[in-house]
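Below: the structure, in structure tokens.
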Amino acid sequence: MFKKTFIIAITLLCGVLSGAPLQPAEAAEAFPDVPSNHWAYSTIQWAIDNDVVNGYPDGTFRPSQNVSEAEFLVMFIRAFDELPKVTKMTHWADPAYLYAEEKNWPTMGAGSHELRSKAISREQVAEIIAGASGVNFLGTDAIQYLLNTELSKGKVDATIDGYKGADFLTRAEAVQFIKNLKDKGLRELQKRPELPTPKNQMPKPKDDANLPAKVREVKAKMEEVVSEKYPGFIVSTVEDRVIVTKGTKGADRLYASFNIATTKGGLDQVIAFRATKDESIKLAVEMLKAVGVPVKDDFFDTLKEAAQTGKESEHKVGNRELLVSPHPTNANHITIYIVK
């Protein structure tokens, strides 16, 4: 009996010391060190709901603890794919390192259990993510790739210095980083090429500087909304439009847009492109708020009724006037004109 108890105790202790996230949880509030007012509460809840993270054997999550390379790899892979089965494990993260080896990702701990438990730097994270995106960039080139593709906006700002490659990630920051990748459109974990990617193949940065100020403002606000409430959706710009899409192919990926007036006397527009789906209408309401129209959440009901009846209607919202105009033959398309 003593021997069995001793073995169990050692097993749990090793789990704590190695950082192995062993204990599942159903809600972020189950962790006493993640109160509901914690900045990453909703993100940690997302990670729990999607089987990305677990807690420690003592019931904590330790959001402020630096994330180890092994922990980051496990979180990252589980957010996008399944870990492989390993019959004889010598370390709790063996499945993640086997996966990384098959994908040719750069890791410190491939041949060292000790290095697996070391904190991972933001630069090393950039190298892994670049590799998982199908390119072979290292160091500041990997950071530049993340910034240019908008997979990261940096820690301080969207520059190599502002990315803070030498800094470590906390466990909460790691979860947020991974969620941001999904929100920005990373869908499939790829194999890193054997040879370095030529620098002339570095994607060009997406330049918002030439966009109208109103478009930049609406885009920034919608990015915050989508990041918090609509996982899987992507905010981008096309010419003078802000668009919210889901998926990567086909016309059905477009859910909502904000179109700035392009002619003198023209009207700004918010469009729900899939108005038979609640998400599209809700995004149109969020877009109106981002534009500065003080609509309430129940404006959703007004737009949904318009989609069902096809009837045009006018609305006074604060000091703004709106014209809700369903397409006469397509219930999937509602245009909200911002008259003034």
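The values are calculated or read from the model by the stated rules, or taken from the named source; none is laboratory data. Predicted model only: the values in this text are computed from it and were never measured. Positions of Cβ are backbone-derived with ideal geometry, glycine not excepted, and every protein chain shown enters the neighbour counts.
Laid out as a table, the results:
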| item | result |
| --- | --- |
| When residues of segment 282-340 are limited to those that are surrounded by 14 or more Cβ atoms within 10 Å (Cβ to Cβ) and basic (Lys, Arg), the one farthest from residue 256 (Cα to Cα) | 320 |
| Residue match in segment 118-129 (condition: at pLDDT below 95 and of a type in the set (S, T, N, Q)) | no |
| Residue 69 at pLDDT 95 or above, among the acidic types (Asp, Glu), surrounded by fewer than 22 Cβ atoms within 10 Å (Cβ to Cβ) and at negative phi | no |
| Odd one out for residue 96 among (1) farther than 22 Å from residue 136 by Cα; (2) free of Cβ contacts under 8 Å to residues at least 40 places away in the same chain; (3) surrounded by 17 or more Cβ atoms within 10 Å (Cβ to Cβ); (4) in contact with a Phe, Trp or Tyr (Cβ under 9 Å, 6 or more places away or on another chain) | (1) |
| Scan of segment 170-200 for residues that are not in a loop (DSSP other than H, G, I, E, B) and not basic (Lys, Arg), ordered by number | 170, 172, 173, 174, 175, 176, 177, 178, 180, 181, 183, 200 |
| Selected residue [of a type in the set (S, T, N, Q) and over 16 Å from residue 174 (Cβ atoms)] from 60, 87 | 87 |
| Residue match in segment 212-221 (condition: of a type in the set (Gly, Ala, Ser) and outside any helix (DSSP H, G or I)) | no |
| Criterion (under 30 Å from the mean Cα position of the chain (by Cα) and among the hydrophobic types (A, V, I, L, M, F, W, C)) met by exactly one of 317, 293 | 293 |
| Output for segment 225-248, where each listed residue is farther than 16 Å from residue 182 by Cβ and modelled with pLDDT of 80 or more | 237, 241, 242, 243 |
| Those residues of segment 222-240 which are charged (D, E, K, R) and either surrounded by 17 or more Cβ atoms within 10 Å (Cβ to Cβ) or in a helix (DSSP H, G or I) (or both), in sequence order | 223, 224, 228, 229 |
| Members of segment 265-291 that are outside any helix (DSSP H, G or I) and either outside the structural domain of residue 246 (by TED's automatic domain parsing) or touching a residue at least 24 places away in the same chain (Cβ under 8 Å) (or both) | 267, 268, 269, 270, 271, 272, 273, 274, 275, 276 |
| Contacts under 6 angstrom Cβ, first residue in segment 54-83 being not assigned by TED's automatic domain parsing to the domain that holds residue 181, partner polar (S, T, N, Q) and surrounded by 17 or more Cβ atoms within 10 Å (Cβ to Cβ), 6 or more apart | none |
| Yes/no for residue 25 being outside any helix (DSSP H, G or I), closer than 30 Å to residue 224 by Cβ and modelled with pLDDT under 90 | yes |
| Index of the failed condition, residue 274 passing every other in (1) more than 28 Å from the chain's Cα centre (by Cα); (2) under 29 Å from residue 150 (Cβ atoms); (3) not polar (S, T, N, Q) | (1) |
